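What follows is a set of notes on a single structure, which appears directly below.
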Amino acid sequence: MSRLRAIALDVDGTLLDSSHDISPAVKKSIHDIWQQGVQVILASGRHVGSLSQLLMELGVEGYVVAFSGGAVARVDSNKRVEIILQQRLELAHAEKMAHEALANGLSVAWSTMDHWYTPDAMGLYRQEARILRQEPVVVPGLRGLNVAPHKLQIMSHNAEGIVCLRAMRDAIASRCSAVFSHDYMLEIMPKGTNKAAALTKIGQLHGITLSEMMAIGDAENDIEMLRHAGLGVAMGHAPDTVKAVADWITLTNGEDGVAFALEQDWLLQRFFGVPD
């Protein structure tokens, strides 16, 4: 059994509680393990800037996997961000998907490295702005954007819209990676993009394999990294499809599930004990 040398954490629903904050217990548990030499990686559908701020809040240096694997960056203690990897959707195809989704009454966010663009700033867009702590750039109809996105985010809070999201995922599966980060939110990235592939890239920089990483998450876009990590941990509130690929299940994010996991003697033995 491989010694664990890195931990990859999903953000919303995992690192953050239901108020989208890092609890003191979770912050301490991550900072403590980082101080003992464990590589810390945040892996999320969020953009690089948002994840960099969260690393600073944790008080650690490390890596961020943004756009569910579409970009990788290193963040140091001076808040310097070094982009290591970035992938974009094909511009024409992104425009087609975005405009079709809007025509079907769905909400669409167009995400690039520094900004996210929306057709207005109401409803789901306002909700996302509060969560991300960043206002969108409003572009009516998402027309005239000449920068290819790293990710499209298609959203709906009504049952009919969610049916449309699932149909859209199936329709584009041959050309794009499309996964749900929440029940109401479909993330669309370049084909082959996922968190596990991005973690592999980070590991190559340090001679660390996926079998030497712990991953913890709660949503469909976490499945690949939970499946391939040396130790995959699902949050207690994760859907059954996510729990099914995990090696262990911790408490919910409202119960400091990350901290609870990192308090387990058997798990700490995987990081710091003598391997079998």
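Quick check: anything in region 108-125 of a type in the set (S, T, N, Q) and in contact with a helix residue (DSSP H, G or I) (Cβ under 8 Å, 6 or more places away or on another chain)? Checking region 108-125: at least one residue is of a type in the set (S, T, N, Q) and in contact with a helix residue (DSSP H, G or I) (Cβ under 8 Å, 6 or more places away or on another chain). For Thr193, the criteria (1) surrounded by fewer than 22 Cβ atoms within 10 Å (Cβ to Cβ); (2) hydroxyl-bearing (Ser, Thr, Tyr); (3) assigned to a loop (DSSP other than H, G, I, E, B) hold in every case but one, which is (1). Taking the criterion of being touching a helix residue (DSSP H, G or I) at 6+ places or on another chain (Cβ under 9 Å), closer than 28 Å to Gly192 by Cβ and either modelled with pLDDT under 95 or β-branched (Val, Ile, Thr) (or both), the residues of region 126-154 that qualify are Ile131, Leu132, Gln134, Pro136, Leu145, Asn146, Val147, Ile154.
Restricting attention to region 84-96, the residues that are within 21 Å of Ala109 (Cβ to Cβ) and among the hydrophobic types (A, V, I, L, M, F, W, C) add up to 4.
Kindly establish whether Leu4 is modelled with pLDDT of 95 or more, under 18 Å from the mean Cα position of the chain (by Cα) and of a type in the set (A, V, I, L, M, F, W, C).
Criteria not met by Leu4.
Total residues in region 253-276 satisfying the condition of being at pLDDT 95 or above, farther than 23 Å from Ala219 by Cα and of a type in the set (Asp, Glu): the figure is 1.
Here Glu57 fulfils each of the conditions (1) surrounded by 15 or more Cβ atoms within 10 Å (Cβ to Cβ); (2) farther than 26 Å from Arg143 by Cβ apart from (1).
The residues of region 208-220 that are at pLDDT 95 or above, under 13 Å from Val242 (Cβ atoms) and not in a loop (DSSP other than H, G, I, E, B), listed by number, are Ala215, Ile216, Gly217. Tell me, please, whether a residue that is in contact (Cβ under 8 Å) with a residue 40 or more places away in the chain, on the phi < 0 side of the Ramachandran plot and buried (at least 23 other Cβ atoms within 10 Å of the Cβ) can be found in region 200-213. So far as region 200-213 goes, yes, one or more of its residues are in contact (Cβ under 8 Å) with a residue 40 or more places away in the chain, on the phi < 0 side of the Ramachandran plot and buried (at least 23 other Cβ atoms within 10 Å of the Cβ). Considering each residue of region 148-159 in turn, none proves to be in a helix (DSSP H, G or I) and under 18 Å from Gly70 (Cβ atoms).
Only one of Met168, Met113 is in contact with a strand residue (DSSP E or B) (Cβ under 9 Å, 6 or more places away or on another chain), touching a residue at least 60 places away in the same chain (Cβ under 8 Å), more than 14 Å from His99 (Cα to Cα) and assigned by TED's automatic domain parsing to the domain that holds Ala101. Can you tell me which?
Only one candidate qualifies: Met113.
The values are calculated or read from the model by the stated rules, or taken from the named source; none is laboratory data. Predicted, not measured: the structure shown is a model, and the values here were computed from it. No Cβ is skipped: glycine too gets one built from the backbone with ideal geometry, and neighbour counts run over all protein chains shown.
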